[in-house]
Amino acid sequence: MKKLFTLLLLAASTGAIAQKLDTLTIEKIMRDPKWIGVSPSNIRWSDDGKHIYFNWNPNNTERDELFAITPTDTKPAKVGIDEQKAFPSGYGAMNKAHSLKLYEKNGDIYLEELKTGKIQQLTNTVEREANPAFSGDESKVIYTTGGNLFSMGLNGGGITQLTNFSNNAAAPAQPAGRRRGGRAANTDQAAGNQQESWLKAEQLELFDIIKLQARDKKLDSIEQKEFEPKKLKELSTDGRSVSSPEVSPDGRYITYRLVKYPDNEKRTIVPDYVTASGFTEDIQNREKVGGPQAVSEFYIFDTQRDSVYKINTSNIPGIKDLPDYVKDYPKELERRTKLNADRQVSIRGPYWSEDGKNAVVVIRAEDNKDRWIMKLDPETGNLGPLDREHNDAWVGGPGAYNDGWVDANHFYFESEASGYAHIYTVDVTNGTEKQLTSGKWEVQTLQLSGDKKTFYFTANTEHPGITNFYKIPVSGGEPVKITTMKGLSEVTLSPDEKWLAIRYSYTNKPWELYVQPNKPGATAVQVTHSTTAEFTSYPWRDPEIITFKNRYGSDVYAHLYLPKHPDAAKPAVIFVHGAGYLQNVAYGWSYYFREYMFNNMLADNGYTVLDMDYSGSAGYGRDWRTAIYRHMGGKDLSDQVDGAKMLVDKYGVNPKHIGLYGGSYGGFMTLMAMFTAPDVFTSGAAIRSVTDWAHYNHGYTDEILNEPYNDEKAYRLSSPIYFADGLKGNLLMLHGMIDQNVNYQDIVRLEQKLIELHKDNWELASYPIEDHAFEQASSWTDEYKRIFKLFETTLRR
């Protein structure tokens, strides 16, 4: 028995030792991320504000499970499947008093009384009813089904169809004696029609009975029409798709968008080689930048006048303005100037004030250079200007879609007009505009309080890498900070606005859930403890956030990992984050957590590591965001070069032993660095990288580089494939073969180019079952073993 006890104790001790992480290796850090612990996610409040729900996996099971707490009882409890089935949808439309909620679930419409939790099913049909909303007087439910709008009385008023969209548009009238195709009409058929008309006229002339029958038929028709119900006007779609039909609060106006999608759009195909069938299967994928795009027109149906008309966009300020880059193409500038055409726009809205007296639309130019806020006169379709935000690069920023009504006369929105995303209001009656927040920081989220007296927002006022939750009166004033934890805070406000559910993280501490009263400086109570004992046993670095001046005199923020025991070769590695417009240098847990752990491992092995928010990154305002316009691989790359110089000058790094790596946009940057700054970087690992921007998607690329056939110079400046002959150092490329974001075709094209250039200092590792974001631990492990080997063999010799 004593021997058995000893063996059990030894086994337990061995297990405890196995949980301790002393040395980082690729195999350890690239395992299934559950070894770190699973952070809470998808945090939301119940409609009555009594519970906080979140997904979590504290026991490392196959899937995350749903948990619940209350603000006063913060011990997480699992929520059973039966209880989840009875949940109302998290999305829906509230009435003005926030006492009732309409929502769709499984294609039917439900009404919830928030105080009692009572739920009433309003529809139960095979057809899908969607997008429920209250009518202006809240006596009806407005919803869509079968592509049309309907209303349903909340007190048994029945169902009324509001729109009758039809694709049966009348054919264009043809010139007499002609038909489609341009040829003469059949003369025999024309003669036959003339004969029939002559015979009918003769019969009517000769016989009284024919006259009497014609008279009676006409009278019957008139009498029948008197008893026929009035038909709902057919709204012709002319082959286009209907989008976003809405009813004005008074029920008079119905607005909708008709969208013409391109015919026979050419899309990329991604071959999938490892399939269950054993055959190669093609995945239909995305378009390429510059392909034909959907075109929309916005219509108003005035039910009172039974008339349909388009919103008039011809008087939008600057609607004929040409983008500044066209000056680089004199012939195109001349052609467009002579054409003097209106720019294509897309319209969002309308947003109706609660009293229904004012309507606002938000309009964006399809060339991305302008965003207008316009007052809509629904009776005429005319627009009046309220605000125009112009950017010679592209309009964007973190608050591009944060807007709505403060009251019946004031509309709020975010704008980068000052250089940073801030809150504005405009009086729609006289156009008076007011800026509520200001400073060299960004408003990142924005929410209006239920009583419409306060704005709540998340911002990085203290430091670009620290976010907190603030409030400010709708009339303006000094922002009041509510949360105080140093790091990143994602806040979900309770429906009664008394509590905050906070998802918080720090640089070396993954996300956890906290609860705090909605009071400035109140204590936030930690709810979850997600990290494993193995993860916490390692002393993860809290890398210093430094700044250095780039060649243009701007501050570049960066994480610096300094080795305790520098290698004699004094090597350094620069990590380049992906996504382009993303912030990675913050006092919070990184989206690139694997790379964070890899950087720790590099530092353990004697490397100095730098990770910067280069030009084009998020968090630093408009000018930093758009610094890469028309030249990706320009200022963003020179920041990497300037960072390398700073490492040499200030931290003693060997200039011959600097490498870099990154994925997606970071992979693209690595290629540009290896091709255009080959004397700065000895080796680079480019992961899932764009090699030619003309082969990337439209929605992202056309903002930054315009379109290939309109701005060829920008694409040639920005695409690594044009600079491949500059490769001198050691290049490793890694790519998933079913990548539906940056297609595998992209890296294969570069591979062929390197072959034709007779380059031999490169390798390509392909991953047959991986998309853009790798999923299999084996792929992550193989990938980073190769990257580490590259640096070990090229930077430490």
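The values are calculated or read from the model by the stated rules, or taken from the named source; none is laboratory data. Since this is a predicted model, take the numbers as computed values, not measurements. Note that we place each Cβ from the backbone using ideal geometry, even for glycine, and neighbour counts take in every protein chain shown. Accessible surface areas use protein heavy atoms only, side chains included; no ligands, DNA or RNA. Shrake-Rupley method; radii C 1.70, N 1.55, O 1.52, S 1.80 Å.
Go through the range 418-454 and give me each residue that's open to solvent by 60 Å² or more (accessible area, probe 1.4 Å) and outside any loop (DSSP other than H, G, I, E, B). The answer is GLU433, LYS434, GLN435, THR445, GLN447.
Taking the conditions (1) among the hydroxyl-bearing types (Ser, Thr, Tyr); (2) open to solvent by less than 10 Å² (accessible area, probe 1.4 Å); (3) at positive phi in turn, SER664 satisfies each one other than (2). Screening GLY476, GLY439 for residues that are out of contact with any helix residue (DSSP H, G or I) (no Cβ under 7 Å at 6 or more places or on another chain), more than 20 Å from ILE43 (Cβ to Cβ) and either of a type in the set (A, V, I, L, M, F, W, C) or without any contact (Cβ under 8 Å) to a residue 24 or more places away in the chain (or both) leaves exactly one candidate, GLY439. Of all residues in the range 321-377, those satisfying the criterion of being of a type in the set (Phe, Trp, Tyr) and farther than 30 Å from ALA97 by Cβ are TYR325, TYR329, TRP372. Looking for something of a type in the set (Lys, Arg), farther than 30 Å from PRO479 by Cα and at pLDDT 95 or above - is there at least one such residue anywhere in the range 570-590? There is at least one residue in the range 570-590 that is of a type in the set (Lys, Arg), farther than 30 Å from PRO479 by Cα and at pLDDT 95 or above. Any residue at all in the range 775-782 that's in contact with a Phe, Trp or Tyr (Cβ under 7 Å, 6 or more places away or on another chain), of a type in the set (Val, Ile, Thr) and either modelled with pLDDT of 95 or more or within 27 Å of ASP604 (Cα to Cα) (or both)? No: zero hits.
Test LEU258 against the criterion of being modelled with pLDDT of 95 or more, open to solvent by 50 Å² or more (accessible area, probe 1.4 Å), under 30 Å from ARG335 (Cβ atoms) and among the hydrophobic types (A, V, I, L, M, F, W, C), and give yes or no. Judged against the criteria, LEU258 is not a match. On the stretch given as the range 555-579, residues that are out of contact with any Lys or Arg (no Cβ under 7 Å at 6 or more places or on another chain) and assigned to a strand (DSSP E or B) total 10.
Out of curiosity, is ALA569 over 30 Å from the mean Cα position of the chain (by Cα) and not hydroxyl-bearing (Ser, Thr, Tyr)? For ALA569, the condition - over 30 Å from the mean Cα position of the chain (by Cα) and not hydroxyl-bearing (Ser, Thr, Tyr) - is met.
Going residue by residue through the range 342-358, is there one that turns out to be farther than 22 Å from THR626 by Cβ, exposed (fewer than 15 other Cβ atoms within 10 Å of the Cβ) and without any contact (Cβ under 8 Å) to a residue 40 or more places away in the chain? The answer is yes, given that some residue of the range 342-358 is farther than 22 Å from THR626 by Cβ, exposed (fewer than 15 other Cβ atoms within 10 Å of the Cβ) and without any contact (Cβ under 8 Å) to a residue 40 or more places away in the chain.
Within the range 572-580, can one find any residue that is more than 29 Å from the chain's Cα centre (by Cα) and not aliphatic (A, V, I, L, M)? Full working, then the answer.
The first filter runs over the range 572-580 and keeps only residues more than 29 Å from the chain's Cα centre (by Cα), leaving 572-573.
Now restrict to residues that are not aliphatic (A, V, I, L, M): none.
Within the range 572-580, not a single residue is more than 29 Å from the chain's Cα centre (by Cα) and not aliphatic (A, V, I, L, M).
There is no residue in the range 140-147 that is of a type in the set (Val, Ile, Thr), open to solvent by 20 Å² or more (accessible area, probe 1.4 Å) and not in a strand (DSSP E or B). In this structure, does ALA130 turn out to be surrounded by fewer than 17 Cβ atoms within 10 Å (Cβ to Cβ), within 19 Å of LEU493 (Cβ to Cβ) and under 30 Å from the mean Cα position of the chain (by Cα)? When the stated conditions are applied, ALA130 does not pass them.
For the range 215-241, the candidate set comprises residues that are of a type in the set (A, V, I, L, M) and at pLDDT 75 or above; within that set, the residue that is most open to solvent (accessible area, probe 1.4 Å) is LEU232.
ASP47 falls short on exactly one of the conditions (1) part of a loop (DSSP other than H, G, I, E, B); (2) over 30 Å from ALA603 (Cα atoms); (3) modelled with pLDDT under 90, and that condition is (3).
The set of residues in the range 233-260 that are in a strand (DSSP E or B) and either aromatic (Phe, Trp, Tyr) or within 16 Å of ASP306 (Cβ to Cβ) (or both) comprises LEU235, SER236, VAL247, TYR253, ILE254, THR255, TYR256.
Of note, ASP679 does not satisfy the criterion of being of a type in the set (Asp, Glu), more than 22 Å from the chain's Cα centre (by Cα) and within 24 Å of GLN745 (Cα to Cα).
In this entry, ARG796 is excluded by the filter for residues that are charged (D, E, K, R) and closer than 13 Å to ILE687 by Cβ. The listed residues are LEU513, LEU582, LEU500, and the only one of them that is open to solvent by less than 50 Å² (accessible area, probe 1.4 Å), part of a loop (DSSP other than H, G, I, E, B) and not small (Gly, Ala, Ser) turns out to be LEU582. Scanning the range 400-417 for residues that are outside any strand (DSSP E or B), open to solvent by less than 30 Å² (accessible area, probe 1.4 Å) and closer than 16 Å to ILE472 by Cα yields a single hit, VAL406. Return the residues of the range 55-80 that are exposed (fewer than 15 other Cβ atoms within 10 Å of the Cβ), assigned to a strand (DSSP E or B) and either hydrophobic (A, V, I, L, M, F, W, C) or in contact with a helix residue (DSSP H, G or I) (Cβ under 6 Å, 6 or more places away or on another chain) (or both); say none if nothing qualifies. The answer is ALA77, and nothing else.
Considering only helices (runs of 4 or more DSSP H) fully contained in the range 680-797, which possess at least 1 residues that are out of contact with any strand residue (DSSP E or B) (no Cβ under 6 Å at 6 or more places or on another chain), surrounded by fewer than 17 Cβ atoms within 10 Å (Cβ to Cβ) and of a type in the set (Val, Ile, Thr)? Can you show your working first?
Numbers: elements: 698-705, 712-718, 744-756, 777-795.
Those helices (runs of 4 or more DSSP H) span 744-756, 777-795.
Residues considered: GLU265, GLU287. Of these, the only one that is part of a loop (DSSP other than H, G, I, E, B), of a type outside the set (Gly, Ala, Ser) and surrounded by 14 or more Cβ atoms within 10 Å (Cβ to Cβ) is GLU287.
Taken across the range 633-654, residues that are under 30 Å from GLU389 (Cα atoms) and part of a loop (DSSP other than H, G, I, E, B) do occur, with at least one present.
GLY659 fulfils the conditions (1) assigned to a strand (DSSP E or B); (2) open to solvent by 10 Å² or more (accessible area, probe 1.4 Å) except for a single criterion, (2).
Yes/no per residue for (1) assigned to a loop (DSSP other than H, G, I, E, B); (2) surrounded by 12 or more Cβ atoms within 10 Å (Cβ to Cβ):
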site: ASP82; (1), (2): no, no
site: SER89; (1), (2): yes, yes
site: GLU104; (1), (2): no, yes
site: TYR110; (1), (2): no, yes
site: THR116; (1), (2): yes, no
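Would you confirm whether or not the range 260-279 contains a residue that is in contact (Cβ under 8 Å) with a residue 24 or more places away in the chain and closer than 29 Å to VAL360 by Cβ? Checking the range 260-279: at least one residue is in contact (Cβ under 8 Å) with a residue 24 or more places away in the chain and closer than 29 Å to VAL360 by Cβ. Scanning the range 359-382 for residues that are closer than 22 Å to GLY318 by Cβ and open to solvent by 30 Å² or more (accessible area, probe 1.4 Å) gives ARG364, GLU366, ASP367, LYS375, ASP377, THR380, ASN382.
If I filter the range 521-554 down to residues being in a loop (DSSP other than H, G, I, E, B) and among the basic types (Lys, Arg), which single residue comes out as nearest to PRO40 (Cα to Cα)? Break it down into steps so the answer makes sense when it comes.
Within the range 521-554, the subset in a loop (DSSP other than H, G, I, E, B) is 521-524, 527-532, 537-543, 550-554.
Still in the running and among the basic types (Lys, Arg): 541, 551.
On the way: ARG541: 23, ARG551: 42 Å.
Filtering the range 521-554 for residues that are in a loop (DSSP other than H, G, I, E, B) and among the basic types (Lys, Arg), the one nearest to PRO40 (Cα to Cα) comes out as ARG541.
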